[in-house]
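Accompanying notes for the structure given below.
The values are calculated or read from the model by the stated rules, or taken from the named source; none is laboratory data. Computed from a predicted model, the values in this text were never measured in an experiment. All Cβ positions, even for glycine, are placed from backbone atoms using ideal geometry, and neighbour counts span all protein chains on display. Calculation scope for accessible area: heavy atoms of the full protein, side chains included, ligands and nucleic acids excluded. Shrake-Rupley method; radii C 1.70, N 1.55, O 1.52, S 1.80 Å.
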Amino acid sequence: QSEELDDGQAADGGLGDDRLTVVGVASTGNSSLDRMGVFMHLSDVQWLTALEGRVHEIAIRGDGTRPADDLAAAARSTLGDQSALEEGDRLVVRSWTEVVPELHQITELSRNSNWVIYLVIYFIAGLGILNTQRMTALERRREFGVLLAIGTLPGRLARTIITESTLLTLAGAALGVVWSVALVFHHQANGFNWADGQELNYMGVVFGEKLYFQFSLEHFFVPLAAVTVVGMLCGLWPAIKSSRLSIPLAIS
């Protein structure tokens, strides 16, 4: 099957047109690109756009350890000052955040929204830990009173309760991490079938019927550290209240 390509903008200011043979259809996952994009051999593109052995764009992909803006700054530094070159020969370095600012804004909005969700989750978890620790302290009110009566210092009793709260939080968090790591690796290998055979098209990006998870140590250690801090803070109030018990009232 042959297709006629015309009205293409050439480098010399003219219009490029040619008849090419279609040898296949590709799906990129981006519906806009699939409808409007064409994959061609480099020599054919250079002929069609009158580039004469040149290229109009060089895409640099990082390894994910450095932000795109830092890579762009490093590329500008390597290329040096090009202000003396003619406008048509000057190289312009732009990061993807500058090329598609709308996508960058959506990414930042999503990241900020995630932090709000995390704060809500930590708040709910903190309430659960606080309620458990407070009820446990109330149930052992008599034991705490006896400990204070035989000479246990209030500060030592408070530290004991805070340590207990922290250890219980760590134990629960460790179990959660083990379970979630196993779940992530399972869905990383087999995918998570969430669409029941259907595809979702969102803003031109096509999501398949399966989502494949990606393991990241940061996504496990950061919540673990945050929950540990929350557990310690939630143990403060029961610890302070228990260390200030009235011994006669506690053991009566």
Karplus (6.51, -1.76, 1.60) ³J(HN,Hα), θ = phi - 60°, over region 96-106, in Hz, Gly and Pro reported as x
5, 5, 8, 6, 10, x, 4, 5, 5, 5, 5
Accessible area in square angstrom per residue, region 105-199, 1.4 angstrom probe
70 Å²
Residue-ordered couplings for region 213-229, obtained by feeding phi - 60° into the Karplus form 6.51 cos²θ - 1.76 cosθ + 1.60 and rounding to whole Hz (Gly and Pro as x), are 6, 10, 6, 9, 4, 4, 6, 9, 6, 5, x, 4, 5, 5, 5, 5, 5
Ranked highest first by the average count of other Cβ atoms within 10 Å around their residues, in what order do 213-223, 127-137 fall?
127-137, 213-223
Once ligands and nucleic acids are excluded and a 1.4 Å probe is used, how much of HIS41 is accessible, expressed in Å² to the nearest 10?
120 Å²
To the nearest 20 debye, what charge dipole does region 107-251 have about its Cα centre, counting +1 at the Cβ of each Lys and Arg and -1 at the Cβ of each Asp and Glu?
960 debye
Going from most exposed to least, what order do ASP63, ASP44 have by accessible area with a 1.4 Å probe?
ASP63, ASP44
Under 5 Å, built H, 5+ apart or other chain: amide partners of MET40:
none
